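Encoded as structure tokens, the structure appears first; notes follow it.
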Amino acid sequence: MARPKSGLDRRILQAADRLFYAHGYPNTGIQQIVSEAGTNRPGLYSYFDSKDDLARRYLEARNVVRTEEIAELGRQAADVPDFFRRWMDNTRGLAAGKTGPYKGCAVANFALQTDSADEEMQAYIQKAGRRWESQLVAYIRSELRAGRFAPDNTAGAASIARRMLILYQGAITMWKLTGRLACFEEACELFELSLQSAGRTEVR
């Protein structure tokens, strides 16, 4: 029978979130998490089955933040290119340190830090990625239906969503490799060029 929530579970998740993001999943031990949360191993295991269980909850919480961000940017944007530019501008601000240390996309970092042979965890990570893609596809299709984005025969909503994710992750990776914040602006330019090359035009 699950233990009733007391606030300790939230403290443990908050500690795991900060440590996983700051130091990486493989470099974070259970003892670090319980020390930061102000508890002990029995306290942690009364709420979470294992470190992997904590990791899944961490990914779920980070995924919720990302999907909420996508939804909010969609509400603010004038059209699809404006949406992507706002997304890159927001990420550029994070990379510039406006809200504190930024180490890139938490889910992508976790994917790179996790053993590729761990099929269960890899499947969980890929599920999160597919949720982002599905949300982007839904947003693009809503813009098509509203007439703010003109359809063509060479690129569908799924293809455009994948371009967004490739350029988003690519811009973060290049910024981490080079330290150049201009990578985010260049990602916007590449996205708009990809739309032009596909024969897509925005309806004003």
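The values are calculated or read from the model by the stated rules, or taken from the named source; none is laboratory data. Just so it is clear, the model here is predicted, and its values are computed rather than measured. We place every Cβ from the backbone using ideal geometry, glycine too, and count neighbours over all the protein chains shown. For accessibility, only protein heavy atoms count, side chains too; no ligands or nucleic acids. Shrake-Rupley method; radii C 1.70, N 1.55, O 1.52, S 1.80 Å.
A few notes on this one:
- Positions within segment 166-191 being aliphatic (A, V, I, L, M), out of contact with any Leu (no Cβ under 7 Å at 6 or more places or on another chain) and open to solvent by less than 70 Å² (accessible area, probe 1.4 Å), in sequence order: ALA171, ILE172, LEU181, ALA182
- Only one of ARG204, ARG180 that is assigned to a loop (DSSP other than H, G, I, E, B) and at pLDDT 90 or above: ARG180
- Annotation note: Cβ proximity below 6 Å between a residue of segment 63-87 that is touching a residue at least 40 places away in the same chain (Cβ under 8 Å) and open to solvent by less than 70 Å² (accessible area, probe 1.4 Å) and a residue that is hydroxyl-bearing (Ser, Thr, Tyr) and assigned to a helix (DSSP H, G or I) (sequence gap 6+ or interchain) occurs for GLY74/TYR139.
- Neighbours by Cβ (under 6 Å, 6+ apart or cross-chain): first from segment 175-195, in contact (Cβ under 8 Å) with a residue 12 or more places away in the chain; second open to solvent by 70 Å² or more (accessible area, probe 1.4 Å): LEU181/ARG92; CYS183/MET174; PHE184/ARG92
- Of all residues making up segment 91-111, the number that are in contact with a helix residue (DSSP H, G or I) (Cβ under 7 Å, 6 or more places away or on another chain) and either under 19 Å from GLY129 (Cα atoms) or not hydrophobic (A, V, I, L, M, F, W, C) (or both): 11
- Subset of segment 2-30 that is open to solvent by 30 Å² or more (accessible area, probe 1.4 Å) and more than 25 Å from GLY104 (Cα to Cα) - its residue that is modelled with the highest pLDDT: SER6
- Within segment 130-140, the presence of at least one residue that is closer than 25 Å to PRO26 by Cα and open to solvent by less than 40 Å² (accessible area, probe 1.4 Å) is confirmed.
- Residue list for segment 44-57, restricted to those being touching a helix residue (DSSP H, G or I) at 6+ places or on another chain (Cβ under 8 Å), open to solvent by 10 Å² or more (accessible area, probe 1.4 Å) and either acidic (Asp, Glu) or part of a helix (DSSP H, G or I) (or both): LYS51, ASP52, ARG56, ARG57
- Residue in segment 15-33 that is closer than 30 Å to ILE160 by Cβ and within 21 Å of the chain's Cα centre (by Cα) present: yes
- Put simply, of ALA146, ALA111 the only residue that is open to solvent by less than 60 Å² (accessible area, probe 1.4 Å), closer than 30 Å to SER197 by Cβ, of a type in the set (A, V, I, L, M) and in contact (Cβ under 8 Å) with a residue 12 or more places away in the chain is ALA111.
- Of the residues making up segment 88-107, just one is charged (D, E, K, R), farther than 9 Å from PHE184 by Cβ and surrounded by 14 or more Cβ atoms within 10 Å (Cβ to Cβ), namely LYS103.
- Answer residue from segment 80-109, given it is in contact with a Gly (Cβ under 9 Å, 6 or more places away or on another chain) and of a type in the set (Gly, Ala, Ser) and is farthest from LYS176 (Cα to Cα) among those: ALA108
- Among the residues of segment 6-35, the ones that are more than 19 Å from LEU59 (Cβ to Cβ) and either part of a loop (DSSP other than H, G, I, E, B) or among the acidic types (Asp, Glu) (or both) come to 2 in all.
- A single member of ASP53, ASP9, ASP17 is charged (D, E, K, R) and within 15 Å of MET121 (Cβ to Cβ), and it is ASP53.
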